[in-house]
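Here's the structure, in structure tokens; my notes come after.
What follows is calculated from the coordinates using simple rules that are stated; it is not laboratory data. Being a predicted model, the structure only gives us computed values, none of them experimental. Cβ: placed from backbone, ideal geometry, glycine included. Neighbour counts: every protein chain shown.
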Amino acid sequence: MKTLAAIIPFLGVALAATQAQTHLFACKERMFTGICTNIAVNSNACYELTTLGADWVRAISSASPDQGSTCTLYNEEGCTGTRLKIAACGINDLKDLDFDKTAVSFKCK
């Protein structure tokens with residue numbers, strides 16, 4: 001039987017190695033229709049849409065992060081260039097904000 005003293009250091013290492021994760025739900029058409037995907041990402045990490053496939057680059061028309069999270073879409077690789085911040089409940093038509101089919105990368109937190 002393991003003692004509590006032996007388990008606590010192990011848990012500390014496991015917790016330190018765990019990174020917060022969130023999601024961006026993105027669709028290729030407005031109003032969250034068409035082809036959609038729920039992308040799991042580590043918080044504060046830049047995510048390139050090319051990792052989903054070239055057909056996702058400059059293809060998103062509606063997007064929403066998890067409740068309690070925000071995501072920022074960027075029009076250039078490496079989370080640079082013009083940006084658009086999205087909060088929970090999302091944006092059902094990115095055209096309304098002149099960001100339709102513009103995103104190349106994004107970051108959530």
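Lys and Arg at +1, Asp and Glu at -1: add these up for the other residues within a Cβ distance under 12 Å of Ala87 and post the number. Spelling it out: positives minus negatives among the neighbours equals +1. Each Cα pair under 8 Å and six or more residues apart adds its separation to the average, and for segment 23-71 the resulting relative contact order is 47 percent. Among residues other than Glu76 with Cβ under 14 Å from its Cβ, the summed charge is +1 (Lys and Arg +1, Asp and Glu -1).
Neighbours of Ala20, meaning other residues whose beta-carbon lies under 11 angstrom from its beta-carbon, give a summed charge of 0 when Lys and Arg score +1 and Asp and Glu score -1. Its alpha carbons give segment 21-108 an Rg and a Dmax of 11.1, 29 Å.
Only Cα pairs under 8 Å and 6+ residues apart enter the sum, and on that basis the relative contact order of segment 21-108 stands at 35 percent.
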